[in-house]
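Below: one structure, written as structure tokens.
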Amino acid sequence: EAGVVQSPRYKIIEKKQPVAFWCNPISGHNTLYWYLQNLGQGPELLIRYENEEAVDDSQLPKDRFSAERLKGVDSTLKIQPAELGDSAVYLCASSRTLAGEQFFGPGTRLTVL
Amino acid sequence: DQQVKQNSPSLSVQEGRISILNCDYTNSMFDYFLWYKKYPAEGPTFLISISSIKDKNEDGRFTVFLNKSAKHLSLHIVPSQPGDSAVYFCAAGTGSARQLTFGSGTQLTVLP
């Protein structure tokens, strides 16, 4: 089966610009996760979806970050405006159920200049 | 406060020898532990897991040991192969939702 797809793979923007990341989970996976991975650190959960409902967004900086998962399939994570400290890898993962094994996409590496 | 810690940022091992990667945790509520492997420019991939009701789980060359009293787990790779060179993340979860907390990773290099 196809894995988790993310695009773009790399993005370079200037600070204060908006940016969006897209994720297509594995077919049939109801749970979708967005993680942030800073250099030298492990992934940190930003938001988790069960179908189209955000069941845990406590770690999402809501002043500048937003996410949506329309129709419970693809998801988009947006940052507006981006700050220098947002430079990181943004990982998307999916699992068949809330307790299932998480499969990760390759990530989007964001550089904010 | 880091709830999951991997204190060794890197480890080098000779091919054919044992690799031992360590992980410590502080949250007693964690009941499920996993190891992920990550190659450059790829996302982490699941390697092996263990429930808190067990103290050992084995899958081929990979064995995970859990010491609940010490809040410590380790991953043993025997024998180590050059293809095992990657960053290994320890992760811990709690409850049915399996929300994971990751460690900072250990870069394993297996020398031919």
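If you take the residues of the stretch B:32-43 that are open to solvent by less than 70 Å² (accessible area, probe 1.4 Å) and within 15 Å of the chain's Cα centre (by Cα), which of them is farthest from the other protein chains (Cβ to nearest Cβ)? So, considering only residues that are open to solvent by less than 70 Å² (accessible area, probe 1.4 Å) and within 15 Å of the chain's Cα centre (by Cα), the one farthest from the other protein chains (Cβ to nearest Cβ) is B:F33. If you go through the stretch A:58-74 and keep only what is open to solvent by 80 Å² or more (accessible area, probe 1.4 Å), more than 16 Å from A:N30 (Cβ to Cβ) and in contact with an Asp or Glu (Cβ under 9 Å, 6 or more places away or on another chain), you end up with just A:Q59.
Filtered by the rule that a residue be aliphatic (A, V, I, L, M) and over 20 Å from A:D86 (Cα atoms), the stretch A:48-62 gives A:A54, A:V55. Residue check: B:I53 meets all listed conditions (1) free of Cβ contacts under 8 Å to residues at least 60 places away in the same chain; (2) assigned to a strand (DSSP E or B) but one, namely (2).
Annotation note: of A:L84, A:L91, A:L77, the sole residue that is open to solvent by 10 Å² or more (accessible area, probe 1.4 Å) and touching a strand residue (DSSP E or B) at 6+ places or on another chain (Cβ under 8 Å) is A:L84. Among the strands (runs of 3 or more DSSP E) confined to the stretch A:47-113, the ones with at least 1 residues that are within 14 Å of chain B (Cβ to nearest Cβ) and within 22 Å of A:P8 (Cα to Cα) are located at A:88-95, A:108-112. Evaluation of A:F103 against the conditions (1) under 12 Å from A:V19 (Cβ atoms); (2) crowded, with 20+ Cβ neighbours inside 10 Å shows that the sole unmet condition is (1).
Any idea which residue in the stretch A:10-46 is surrounded by the fewest Cβ atoms within 10 Å (Cβ to Cβ), counting only those that are of a type in the set (S, T, N, Q) and facing chain B (nearest Cβ under 10 Å)? Among residues in the stretch A:10-46 that are of a type in the set (S, T, N, Q) and facing chain B (nearest Cβ under 10 Å), the one surrounded by the fewest Cβ atoms within 10 Å (Cβ to Cβ) is A:N38. Scanning the stretch B:44-62 for residues that are within 14 Å of another protein chain (Cβ to nearest Cβ), touching a Phe, Trp or Tyr at 6+ places or on another chain (Cβ under 7 Å) and open to solvent by 10 Å² or more (accessible area, probe 1.4 Å) yields B:T45, B:F46, B:L47, B:S49, B:S51. Applying the criterion of being at pLDDT 95 or above and in contact with a Lys or Arg (Cβ under 8 Å, 6 or more places away or on another chain) to the residues of the stretch B:12-29, the residue that is least open to solvent (accessible area, probe 1.4 Å) is B:C23. So in the stretch B:1-39, with the set limited to residues that are of a type in the set (D, E, K, R) and assigned to a loop (DSSP other than H, G, I, E, B), which one is farthest from B:Q81 (Cα to Cα)? Going through the qualifying residues, I end up with B:D1.
The values are calculated or read from the model by the stated rules, or taken from the named source; none is laboratory data. Please read all numbers here as calculations on a predicted model, not as lab measurements. Cβ: placed from backbone, ideal geometry, glycine included. Neighbour counts: every protein chain shown. When the accessible area is computed, the model is the full protein with side chains, heavy atoms only, and any ligands, DNA or RNA have been set aside. Shrake-Rupley method; radii C 1.70, N 1.55, O 1.52, S 1.80 Å.
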